[in-house]
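Accompanying notes for the structure given below.
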Amino acid sequence: MASFGLVSQVERDFVERGVDVGIRADGRARDDYRPPRVELGLVSQSDGSARCQLGDGTDVLVSVRCELGQADPAADDRGRLAVSVECSPSASQRFEGRGADDLNTELSEAVTRALTGPQSGLNLRQLCIVPGMHCWVLNIDAIVLNYGGNVVDALLIATRAALADTRVPRTVVQEMEDGAMDFEVDDDVENAQPLEHVHNVPLCVTANKIGAGYVLDATLTEELCASARLHVTVNSSGQVCAAQKSGDGAIEPSLLMAMLQAAKEQARRLLEQQDEQIRRHETEIAAKRARGEPVKRPSIFV
Amino acid sequence: MSEQTFVTPAEVVTSDPSFMRGHGTYQEGKDIVSAVAGVVEQVNKLVTVRPLRTRYGGEIGDVVVGRITEVAQKRWKVDVNARQDGVLLLSSVNLPGGVQRRKSESDELQMRKFFTEGDMVVAEAQAFFQDGAMSLHTRSLKYGKLRNGTLVVVPPSLVLRSRSHFHTIANSVEVILGLNGYIWVCKRATKAPEEMDPDELYANVNEDISNQERETIARVCNCLQALSKRLIPIDYTVLAFAYEASLDRETKELLEPEVIEAVTTEAVARAAMVNE
């Protein structure tokens, strides 16, 4: 749409009053979430990947690649994550050229914060190969193929699934005669390890304040009418890991509590669904392997 | 060549050297090959492929729904889902106070009082400029500012041309099927435009919309989305049948793939029976 980002005064009024009475433009109630469609293991060149679609609009693809890197001197016994989100110009004309730069940075930051805080759940020590020298860097690359609102939630749904799909190649460390450490990467995918504690990675549920109320899983038009937005990240134990507000409107304390509560409940449902799907996916792969069908090699050998 | 042939990119359209390649095709050796997914069309010896997914082309007389993107000198720019924005000249709209009055300088200064950025408008294609941009007009009370509802976007090739593009469903909801793929679904106005005050025509205030009307609007929107998802050509008949077929489900159930499948299949079957 050439007019992406515009909304008329009467459309805004229609959305606000719809939220007031609890009937949104697509018939959902305020707390209703569009059922996310998630597919795992789509990208053969990566070590883990997933795609998440929300309704007709939002569509994101996330790929995880393990790359060898230098250990960070400040945290020498840990690996690193590098997140990059890109909005494709096919999603909207507005993203052509440098049009999406600000949004890309904002979204990359949002995903990074959810994954790298103390609450992230991932065991980064697992990614260390030789302390102080070599480690794995998980490159998390996301592309927004279509922008239909609620992209942050979709990004985290896809990222969490992609991380669960990820296998880190095994490394064998040897000490050389001169005392230096050397290592070899095992190219057999059978020996590659899943990420530890990946089930603790949180999901994000965004609540948009529209008029005096809020909605979950806003569409594009609803996002344009929102005065404030609250991203809530929740882990599988139902704990709120982080909450971040954006937009220039204010959120009253009572509304804030309601938003947090709704986000928590929705996150619980999403996490249950996703864990179930990840289990199914793993059984399928195990069955494939048992039948002796070809399994892909770790991406650094491709 | 058969009457209607669908081709996909890289598919050979014809190997007959007497044909000339047109839009959507390219030459590869002796073959004319399709560059897009679409329908093969032939005019004398010229072979073209009309793509299925494309921007709106438009013809004079089309009813289109658009969004104002820019207010410029004596004109508004309107997003009509085409390759470039359409133009609505200040001289092509009905202004309050007299149908045929001259546009004065004061009108030019207060253009934002009539349409401002973001406003939705229904108009008719009046002419085309040299560069292919569409010139619109709203010189009829049928056309003008849109209120009381919401926009649904479908691929423009799915909206069928018909005698009328203004329809009423369930006695309470009006649907304007813009040929450019923008469809406006709103509550039927309680007051006909002829009875409105001149200023009311450009007002930015919605009427009160009851919960039931809101539900119906949402249901119609979801039916349109469902039809568009299954790539079913949309006209009033099929939409009305889809609406009827959806009545025994909850509105939000229409977002689920199985329900979409069931409702649209039934609608298409019943529409086919009527057309026979």
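Work out which residues of segment A:203-247 lose at minimum 30 square angstrom of accessible surface when the other protein chains are put back, relative to the chain isolated, with a 1.4 angstrom probe, and list them by number.
none
Would you check the accessible area of B:SER18, probe 1.4 Å, heavy atoms only, in square angstrom rounded to 10?
For B:SER18, the solvent-accessible surface is approximately 60 Å².
Is the C-alpha gyration tensor of segment B:5-51 telling us rounded, prolate or oblate? Criteria: a/c under 1.5 is rounded; beyond that, a/b larger than b/c is prolate, otherwise oblate.
The shape class here is oblate.
At 0.890 mPa s and 25 °C, plugging the Kirkwood radius over alpha-carbon pairs of segment B:63-201 into Stokes-Einstein gives what diffusion coefficient in µm²/s?
158 µm²/s
Pop the C-beta distance of B:THR116 and B:ASP248 into the FRET formula with R0 = 56 Å and round what comes out to the nearest 0.05.
Computed FRET efficiency for B:THR116 and B:ASP248: 0.85.
Taking chain A as a Gaussian network, where each spring joins two C-alpha atoms under 10 Å apart, which residue of A:ARG12, A:ARG94, A:ARG269 fluctuates the most?
Maximum among the listed residues: A:ARG269.
List the aspartates and glutamates whose alpha-carbon lies under 17 Å from that of A:LYS264, not counting same-chain residues fewer than 8 positions away?
Straight-distance partners of A:LYS264: A:ASP31, A:ASP32, A:ASP153, A:ASP217, A:GLU272, A:ASP275.
Show which lysines lie in cross-link reach of B:LYS113 when reach means a straight Cα distance below 17 angstrom and same-chain residues fewer than eight apart are skipped.
B:LYS74, B:LYS77, B:LYS103, B:LYS145
Which listed residue (B:ASN44, B:VAL7, B:PRO17) has the Cα farthest towards the positive end of the charge dipole for segment B:5-51, taking +1 on Lys and Arg C-beta and -1 on Asp and Glu C-beta about the Cα centre?
Ranked along the dipole, the leading option is B:ASN44.
Just by accessible area at a 1.4 angstrom probe, what is the order of B:ILE209, B:ILE32, B:ILE60 from largest to smallest?
B:ILE60, B:ILE209, B:ILE32
Semi-axes of the equivalent ellipsoid of chain A: what are they in whole Å, largest first, if each equals the square root of 5 times a C-alpha gyration tensor eigenvalue?
38, 19, 18
Using only the alpha carbons of the protein assembly as shown, what is the convex hull's orientation-averaged projected area in square nanometres?
The directionally averaged projection comes out at 34.4 nm².
I want to verify a result. In a Gaussian network model of chain B, Cα cutoff 10 Å, which of these has the top mean-square fluctuation: B:ASP199, B:ASP31, B:ASP85?
B:ASP31
List the residues, sorted by chain then number, that are 5 or more residues from A:ALA82 or on another chain and whose placed amide H is less than 5 Å from its amide H.
The list, which skips near neighbours in sequence, is A:LEU138, A:ASN139, A:ILE140.
Hey, what do the phi angles of segment A:151-163 turn into as Karplus ³J(HN,Hα) couplings, whole Hz, using 6.51/-1.76/1.60 and θ = phi - 60°, x for Gly and Pro?
Result, rounded to whole Hz: 6, 4, 4, 4, 4, 6, 4, 5, 5, 5, 5, 5, 5.
Would you mind counting up the charge near A:ARG229? Only other residues with Cβ under 14 Å from its Cβ, with Lys and Arg at +1 and Asp and Glu at -1.
Residues near A:ARG229 contribute -4 overall.
Across 10 Å bins from the origin, how do the percents of Cα pairs in segment B:211-275 run, short distances first?
24, 59, 17, 1
Can you bin chain B into rounded, prolate or oblate? Criterion: square roots of the alpha carbon gyration tensor eigenvalues sorted a ≥ b ≥ c, rounded for a/c under 1.5, prolate for a/b above b/c, oblate for the rest.
In terms of gyration-tensor shape, oblate.
Just want the answer: with Cβ charges of +1 for Lys and Arg and -1 for Asp and Glu, which residue in B:LEU224, B:SER157, B:TYR182 is farthest toward the dipole's positive end in segment B:146-261?
Final value for the positive-end residue is B:SER157.
Extending each Cα 7 Å along its Cβ direction at A:GLU272 and B:LYS103, get the distance between those two points in nm, one decimal.
6.0 nm
The values are calculated or read from the model by the stated rules, or taken from the named source; none is laboratory data. Being a predicted model, the structure only gives us computed values, none of them experimental. Note that each Cβ is placed from the backbone with ideal geometry, even for glycine, and that neighbours are counted across all protein chains shown. Please note that ligands, DNA and RNA were not included when accessible areas were found on the heavy atoms of the full protein model with its side chains. Shrake-Rupley method; radii C 1.70, N 1.55, O 1.52, S 1.80 Å.
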